[in-house]
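**Q** Quick one: structure below, then a few questions.
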Protein chains: 2
Amino acid sequence: MRKFLLAGLLLITAYQVEAQTTSPLTARLDKVSLTFAVGADGHPTYAVSFGSKTVIKPSRLGLSFADGRGFDGPLVLTGSETKSVDETWQPVWGEVKTIRNHYQQLTVHLRQPDANGRRLDVVFRVFADGVGFRYEFPRQAGLQYFTVQDEHTEFNLPANHKSFWIPGDYDSNEYAYTTSRLSEVNTTPIKAIELKAPANRIQTPLMLKSDDGLYINIHEAALVNYPAMMLNVDTQTFCLSSQLVPDGTGTGAKAYLQAPEHTPWRTIVVSDKAPDMLASKLILNLNEPSKLPDTNWIKPQKFVGVWWEMQVGKSSWNYSDSSNIRLAGTDWSKLKPNGRHGATTANVKRYIDFAAAHHIPGVLVEGWNVGWEDWVGNWKEDVFDFVTPYPDFDVQELQRYAASKGVNIIMHHETSGSATNYERRQDAAYRFMNEHGYISVKTGYVGRIIPRGEHHDGQWMVNHYVRTAQNTADHRIMVDMHEAVRPTGLHRTYPNWLACESARGNEFNAFAEGSAPEHETILPFTRYMGGPMDYTPGIFKLQGYAAADPKRQMHSTLAKQLALYVTLYSPLQMAADLPENYEQHLDAFQFIEDVPVDWDDTRILAAEPGDYITTVRKAKGRDEWYLGSITDEQARKQPVKLDFLTPGQRYEAIIYADGKGADWQTNPAAYRISRQVVTSRSSLSLQLAPGGGAAVSFKPVAK
Amino acid sequence: MRKFLLAGLLLITAYQVEAQTTSPLTARLDKVSLTFAVGADGHPTYAVSFGSKTVIKPSRLGLSFADGRGFDGPLVLTGSETKSVDETWQPVWGEVKTIRNHYQQLTVHLRQPDANGRRLDVVFRVFADGVGFRYEFPRQAGLQYFTVQDEHTEFNLPANHKSFWIPGDYDSNEYAYTTSRLSEVNTTPIKAIELKAPANRIQTPLMLKSDDGLYINIHEAALVNYPAMMLNVDTQTFCLSSQLVPDGTGTGAKAYLQAPEHTPWRTIVVSDKAPDMLASKLILNLNEPSKLPDTNWIKPQKFVGVWWEMQVGKSSWNYSDSSNIRLAGTDWSKLKPNGRHGATTANVKRYIDFAAAHHIPGVLVEGWNVGWEDWVGNWKEDVFDFVTPYPDFDVQELQRYAASKGVNIIMHHETSGSATNYERRQDAAYRFMNEHGYISVKTGYVGRIIPRGEHHDGQWMVNHYVRTAQNTADHRIMVDMHEAVRPTGLHRTYPNWLACESARGNEFNAFAEGSAPEHETILPFTRYMGGPMDYTPGIFKLQGYAAADPKRQMHSTLAKQLALYVTLYSPLQMAADLPENYEQHLDAFQFIEDVPVDWDDTRILAAEPGDYITTVRKAKGRDEWYLGSITDEQARKQPVKLDFLTPGQRYEAIIYADGKGADWQTNPAAYRISRQVVTSRSSLSLQLAPGGGAAVSFKPVAK
């Protein structure tokens, strides 16, 4: 990363230091403008507009502290500075090869009105596609250690926008999105996954659409050492106010800080074009560059795994059906095997064989280690030790076998929410991985957190995830976190942190009723704004797969499952279905085999949240393009001009489309594969079935 | 340990299994008898008597659970068993070579009255000097994971006993003892050290004396995976009820358990002779044998250290006077030294030289590692890393120097209460110790605990201390814990866990007003009932030592400081004063040089809590005896018959006594050393000054 920064940085910075102490103050870039003011009552506010349209009306800023001397009372503006930055940088992996970071910065200096008053800065960065701002606590004698009791940031919206939201559960993001007007936000009817939210509390990233044609996304960037921000919706005034996730003490304290420190960036991405939202790099730009000394060991990758078979009830994580197991002192070899254990040496070899035959680099194995007999629901601290395999899982033999086939096995560390236990065992667990040749790990945090009382999205756990990213990096391990706080662009800073789950993934179609066909058209506008997800697409057996409920089915056609590899960006993509199901459709599987997970370029060709997305991406270092197009429950015709292709070059396009009569509900497996030679002057017309999609690969052919 | 068990065990066990389902049930040994009954209302009770005297009137038993299905309602007695055990065992180190474990056991089986009701056992062990009992949760389908919300154990006392108590602070035991009738228990006027206790809440070990001449001590044994028990005193009825320390969630939950499990033992030691209390091995006997595979690396030891000089304000733990320091990212070599740092290479060498010259095996060094600049009071998680020395502390050179002198440096790990930080760094810290030749560590937990909300004495921290004992043992490290929960005999199970502080130590005479002369006459009847303490005796400069307050003085004569090495039992004894102060009194220091820290035999010759103690001990493996005699603020004449000496053997007795006119307040340093030849038919008459004492060594002389 560092070498890219040195080689590729184009930095144009102008400092305009002013001793400006009157408000309002403004900053602007292209159509986006930001206004900051201190009112007659001493309360600071900010406002944002896009061209002539109001994005955020004057909205409150401030924080209260546990010691009562916070920044929630009147403040004095003591100065301000502006700065202009225009630079480019190259991510270690990503959707594009080069990212431009262009913004106007306004820093305002505030002070409590008493003579030796504590000082607070607010830093605004105005981009062409939105605004980021954060609170900064400078080094000062009167403010060293302090506790944030509440943050009073508001997002005062001018109208009753259409919104795409999930409830403000402090411990889970795995909800289906509700689409409603702000006035209709009400979480009450929604079944809680972990912790019931008040009726008006929702999560970010929050996607909004105004009646006057603006797309607005509210989230945060660089969430470190601070709790996640939820939003309380005033359904009368459409003012959203920050609700930080509390700590575990029951006192309502939110963050324990030491100056100098700053909050995460509060982000408002805005455009009058929906595709611009998906192309925005605002959140990434607000994150710090990579902290890792070298990154050449980090490899985006596809994987298969012993996982979906547990989701559908074909096999089990647990080796025995005993219950009331104790990690220490149990002789696992004495337990009676249940005959359904998924992570057996023989079964894992079957996945390794399939991966090797189809050029899939990774094989995830869940349920390999002891402790799954009663792993969840008991708020138990010592569930797993992360180093002891079940008797039927041969670590050495599988590593030997995988290596001989050129495949790597992906480690799995389910913590059962017991972060204290994981922290005290991480050293040993990562040494075990290094010793046995594992290069990446999937972590999980199912259930209530230990330290008891803490939440998945509170400051302590936020720091745990960041520490885990750093610790894995120290061991040259890539990490994929499930049930962690939703991402905020930290994969720029820790590029070994490939993905998170932190949303409702594809497995809800296996163990629960699933997600509506629109789900994947909303996710990129919400959850993916913060970073890549391990969504686990690629289910080919779309009906009759769930042992618990034979009527259960995917809310998708087979072709749409392929398209998701392009429309849902991640450096880590699972081919989630069982080898035997893929064997039935190896012609379609060819797309999964071909599609890259790292890109030089990305174009969002068409998008509307809740309706459709069409995205095309250029493979890293190769003149190959891959297109994905998906729709919600509506059939849709999607014209595509191929002017992104290199002019003069001929490509073979392989089109994986919904078949005749395809329909997610009645005929999901109907697909049709066709080939044609195209150039940059060609166009395609993709016919998407209800709940359907299309995937296209473009590979150059000899001239 | 194991070899002792195999070689030395004398086990006489008689089983009498009865299907007894009627109450009352009884068990008796010598004068102590226990009665268990289930009342007409279904509530179980127990009672204890000593001869004809009532120790505990019928008292409630029971627990309530968070799920509401605990054992606080009526119960059915479904059976009982009795058992008799008489065995001996040998501790790795201790006050005596061999310990007899002789008890009558009564187990009662209880059930909730509904047909599939949960089952609970209560196990009573009746010894000649008291009773222990605990709740046991057998393996059962209906009770696997459960949360104890409250324990309802009562100790219903028959009269308004004299009591020696400290307030029920969940986070500190460092209080002076109040002596009062139970009716007068009131913590209100007492300044809280960490957390203010309700007026009637006090701690165990609680020492009681009845008007009819009984000495009673209430405490617990083998505190593992459960919070410490405090006692709420009913000042009208003299009923004491169990108050468990709550967890950190603010919900009042106390313990998260998994059946099969049991609580710690609740202990009642009783006798009509005060010395019997100090000789009791009841609590040790209720603990499990050593869990360590070998123990030959465990060595009781004396030590000096860079410590008292910080207590008295001569030097500082911190290297610089900067504040608002951050562990990560600080370049410690750039900080401006304050010139008062105690743990410099040169100063530590001075202590090593003194230790080597006087056969003291250990040198403790506090303040050696970075982070002390603002280590306390900020509820900060990452204060110390336990591996980075200050720039003026040369780890390699000091280890080389110490080894060349035959001295070992004792590691210091102050955690600042941040147990999460310590746990995630323990592996690295203990590896650092192994690499650099450290064999023992003193830990500390000053300040509020992290995980935030947890208490020093709650279940989570109790488990932390036990884990730390195990982790240090795994690295062949001995451990001495300060600010940990008060001991409950676990040094039998983890013999590398040499001592705890967990009470008001000698340093209160340095940084605060100190403790009254009676303090050390109460401690053995209270705090030491659970196990050894690192009290840090041996202060020779008794006045004018405290930089902050020149009038401050020790509440002791010099001779009494010597006597404490015998009256306060510990396998780890500090010679706490500065080398330069010892140099002034090397004739007196000879006793500290001579006195062992491991013993073959111990006799309590005279004792009365709050007044006086005279103890004599025989050195491990040698025919040498050491006597300590102390008094409170009253002068006292203590006759001593030397019939403990080997008959026919002549000994040189060196008597370190208070000098003429000695008085802790006006003339503390007056001492007189005399020598005489004695035999088992001799006797001594020791004259103890107010706040004074005497120490005597007896070494064989040629016949």
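The values are calculated or read from the model by the stated rules, or taken from the named source; none is laboratory data. Owing to the predicted nature of the structure, the values given are computational and were not obtained by experimental measurement. Here the Cβ is made from the backbone with ideal geometry for all residues, glycine too, and neighbour counts use every protein chain on show. Protein only, heavy atoms only, side chains kept; ligands, DNA and RNA dropped before computing areas. Shrake-Rupley method; radii C 1.70, N 1.55, O 1.52, S 1.80 Å.
**Q** Does A:Leu257 satisfy the condition of being more than 14 Å from chain B (Cβ to nearest Cβ), open to solvent by less than 20 Å² (accessible area, probe 1.4 Å) and in a strand (DSSP E or B)?
**A** The answer is no for A:Leu257.
**Q** Is it the case that segment A:413-425 has a residue that's in contact with a Gly (Cβ under 6 Å, 6 or more places away or on another chain) and either surrounded by fewer than 17 Cβ atoms within 10 Å (Cβ to Cβ) or farther than 30 Å from B:Leu257 by Cα (or both)?
**A** Checking segment A:413-425: not a single residue is in contact with a Gly (Cβ under 6 Å, 6 or more places away or on another chain) and either surrounded by fewer than 17 Cβ atoms within 10 Å (Cβ to Cβ) or farther than 30 Å from B:Leu257 by Cα (or both).
**Q** Of the residues in segment B:207-250, how many are within 29 Å of B:Gln470 (Cβ to Cβ), β-branched (Val, Ile, Thr) and either over 18 Å from the mean Cα position of the chain (by Cα) or not assigned by TED's automatic domain parsing to the domain that holds B:Asp67 (or both)?
**A** Qualifying residue count for the region: 2.
**Q** Kindly provide the set of residues from segment B:27-72 that are in contact (Cβ under 8 Å) with a residue 40 or more places away in the chain and not in a strand (DSSP E or B), ordered by number.
**A** If the condition is that a residue be in contact (Cβ under 8 Å) with a residue 40 or more places away in the chain and not in a strand (DSSP E or B), then B:Asp30, B:Lys31, B:Gly42, B:Gly51, B:Leu61, B:Gly62, B:Ala66, B:Asp67, B:Arg69, B:Gly70, B:Phe71, B:Asp72 are the ones that fit.
**Q** Considering (1) open to solvent by less than 10 Å² (accessible area, probe 1.4 Å); (2) not polar (S, T, N, Q); (3) not assigned by TED's automatic domain parsing to the domain that holds A:Gln243, say which one A:Val122 fails and leave the rest.
**A** (3)
**Q** On to the next question. Counting only residues that are of a type in the set (A, V, I, L, M, F, W, C) and surrounded by fewer than 23 Cβ atoms within 10 Å (Cβ to Cβ), which one in segment B:279-297 is nearest to the chain's Cα centre (by Cα)?
**A** B:Ala279
**Q** Among the listed residues A:Asn217, A:Asn186, A:Asn232, identify the single one that is polar (S, T, N, Q) and part of a loop (DSSP other than H, G, I, E, B).
**A** Unique residue meeting the criteria: A:Asn186.
**Q** While we're here: Considering every residue within segment A:170-191, establish whether at least one is without any contact (Cβ under 8 Å) to a residue 40 or more places away in the chain, over 20 Å from A:Ser515 (Cα atoms) and away from every other protein chain (no Cβ under 14 Å).
**A** Yes, that holds for at least one residue.
**Q** Name the one entry in B:Val85, B:Val76, B:Val48 that is at pLDDT 95 or above and crowded, with 18+ Cβ neighbours inside 10 Å. Don't jump to the end; show me each part of the working.
**A** Values: B:Val85 fails: crowded, with 18+ Cβ neighbours inside 10 Å; B:Val76 fails: crowded, with 18+ Cβ neighbours inside 10 Å.
On inspection, the qualifying residue turns out to be B:Val48.
**Q** Which members of segment A:466-512 meet the condition of being within 14 Å of another protein chain (Cβ to nearest Cβ) and of a type in the set (A, V, I, L, M, F, W, C)?
**A** Across segment A:466-512, the qualifying residue is only A:Val466.
**Q** Tally up the residues in segment A:299-335 that are within 14 Å of another protein chain (Cβ to nearest Cβ) and more than 26 Å from B:Gln144 (Cα to Cα), please.
**A** Selection size over segment A:299-335: 0.
**Q** Residues to consider are B:Glu220, B:Glu151; find the one that is over 19 Å from B:Leu282 (Cβ atoms), modelled with pLDDT of 95 or more, in contact with a Lys or Arg (Cβ under 9 Å, 6 or more places away or on another chain) and open to solvent by less than 10 Å² (accessible area, probe 1.4 Å).
**A** The unique qualifying residue is B:Glu151.
**Q** Next question. If I filter segment B:448-459 down to residues being in contact with a strand residue (DSSP E or B) (Cβ under 9 Å, 6 or more places away or on another chain) and open to solvent by less than 10 Å² (accessible area, probe 1.4 Å), which single residue comes out as nearest to the other protein chains (Cβ to nearest Cβ)?
**A** Once the filter is applied, the top-ranked residue is B:Pro451.
**Q** Please identify the pairs in which a residue from segment B:621-649 that is at positive phi has its Cβ atom under 7 Å from the Cβ atom of a residue that is at pLDDT 95 or above, counting only partners at least 6 apart or on another chain.
**A** B:Gly621/B:Asp600
**Q** Right, here's the next one. Applying the selection to segment A:672-685, what residues are assigned to a strand (DSSP E or B) and open to solvent by 20 Å² or more (accessible area, probe 1.4 Å)?
**A** Those that are assigned to a strand (DSSP E or B) and open to solvent by 20 Å² or more (accessible area, probe 1.4 Å): A:Arg672, A:Ile673, A:Ser674, A:Arg675, A:Gln676, A:Val677, A:Ser683, A:Ser685.
**Q** Quick one: what pairs do we get from segment A:375-398, first residue free of Cβ contacts under 8 Å to residues at least 24 places away in the same chain and in the same structural domain as A:Asn434 (by TED's automatic domain parsing), second buried (at least 22 other Cβ atoms within 10 Å of the Cβ) and part of a loop (DSSP other than H, G, I, E, B), C-beta under 6 Å, 6+ apart or different chains?
**A** Qualifying pairs under 6 Å: A:Pro389/A:Trp368.
**Q** Return only the number of the condition from (1) farther than 22 Å from A:Gly130 by Cβ; (2) open to solvent by 40 Å² or more (accessible area, probe 1.4 Å) that A:Val245 does not satisfy.
**A** (2)
**Q** With respect to B:Glu184, determine if the residue is of a type in the set (Asp, Glu) and either under 12 Å from B:Val233 (Cα atoms) or open to solvent by 10 Å² or more (accessible area, probe 1.4 Å) (or both).
**A** yes
**Q** Quick one: is B:Ile439 more than 13 Å from every other protein chain (Cβ to nearest Cβ), closer than 27 Å to B:Ile298 by Cα and crowded, with 23+ Cβ neighbours inside 10 Å? Reasoning before the result, please.
**A** Working: more than 13 Å from every other protein chain (Cβ to nearest Cβ): yes; closer than 27 Å to B:Ile298 by Cα: yes; crowded, with 23+ Cβ neighbours inside 10 Å: no.
No; evaluated as a whole, the condition is false for this residue.
**Q** Can you work out which of the residues in segment A:645-671 that are of a type in the set (A, V, I, L, M, F, W, C) and assigned to a strand (DSSP E or B) is surrounded by the most Cβ atoms within 10 Å (Cβ to Cβ)? Can you show your working first?
**A** Our first condition is that a residue be of a type in the set (A, V, I, L, M, F, W, C); within segment A:645-671, this holds for A:645, A:653-655, A:657, A:662, A:664, A:669-670.
Checking the rest, the ones that are also assigned to a strand (DSSP E or B) come to A:653-655, A:657.
Working: A:Ala653: 20, A:Ile654: 18, A:Ile655: 20, A:Ala657: 26.
Out of the qualifying residues, it is A:Ala657.
**Q** Within segment A:125-145, how many residues turn out to be open to solvent by 10 Å² or more (accessible area, probe 1.4 Å) and within 14 Å of chain B (Cβ to nearest Cβ)? Before you say what the answer is, go through the steps one by one.
**A** We begin by selecting, within segment A:125-145, every residue open to solvent by 10 Å² or more (accessible area, probe 1.4 Å); these are A:125, A:128-129, A:134, A:136, A:138-142, A:144-145.
Subset that is within 14 Å of chain B (Cβ to nearest Cβ): A:138-142, A:144-145.
Of the residues in that region, 7 qualify.
**Q** Can you find, within segment B:336-383, the residue that is modelled with the lowest pLDDT among those that are within 14 Å of another protein chain (Cβ to nearest Cβ) and part of a helix (DSSP H, G or I)?
**A** Kept after step one, since they are within 14 Å of another protein chain (Cβ to nearest Cβ), are these residues of segment B:336-383: B:371, B:373-383.
Adding the requirement that they be part of a helix (DSSP H, G or I) leaves B:373-374.
On the way: B:Glu373: 95, B:Asp374: 92.
Result: B:Asp374.
**Q** So which of A:Leu688, A:Leu642 ends up being more than 25 Å from A:Ser556 (Cα to Cα) and open to solvent by less than 10 Å² (accessible area, probe 1.4 Å)?
**A** A:Leu642
**Q** Quick check on segment B:482-501. Is at least one of its residues of a type outside the set (Ser, Thr, Tyr) and touching a Cys at 6+ places or on another chain (Cβ under 6 Å)?
**A** Checked segment B:482-501: at least one residue is of a type outside the set (Ser, Thr, Tyr) and touching a Cys at 6+ places or on another chain (Cβ under 6 Å).
**Q** Restricting attention to segment B:473-498, which residues are in contact with a Lys or Arg (Cβ under 7 Å, 6 or more places away or on another chain) and either surrounded by fewer than 24 Cβ atoms within 10 Å (Cβ to Cβ) or not in a strand (DSSP E or B) (or both)? If you could, list the steps in order and put the result at the bottom.
**A** Filtering segment B:473-498 for residues in contact with a Lys or Arg (Cβ under 7 Å, 6 or more places away or on another chain) gives B:480, B:482, B:486, B:493-494.
Passing the criteria: B:His482, B:Arg486, B:Thr493, B:Tyr494.
**Q** Can you name the residue in segment A:240-254 that is among the hydroxyl-bearing types (Ser, Thr, Tyr) and part of a loop (DSSP other than H, G, I, E, B) and is also farthest from the other protein chains (Cβ to nearest Cβ) among such residues? Outline the logic, then answer.
**A** Of the residues in segment A:240-254, the ones among the hydroxyl-bearing types (Ser, Thr, Tyr) are A:241-242, A:249, A:251.
Those left that are additionally part of a loop (DSSP other than H, G, I, E, B): A:249, A:251.
Working: A:Thr249: 4, A:Thr251: 7 Å.
Across segment A:240-254, the extreme among qualifying residues is A:Thr251.
**Q** State all residues of segment B:358-387 that are closer than 20 Å to B:Ser315 by Cβ and surrounded by fewer than 19 Cβ atoms within 10 Å (Cβ to Cβ); if no residue qualifies, say none.
**A** B:Val376
**Q** Also: How many of the residues making up segment B:542-566 are part of a helix (DSSP H, G or I) and either open to solvent by 40 Å² or more (accessible area, probe 1.4 Å) or touching a Pro at 6+ places or on another chain (Cβ under 7 Å) (or both)?
**A** 4
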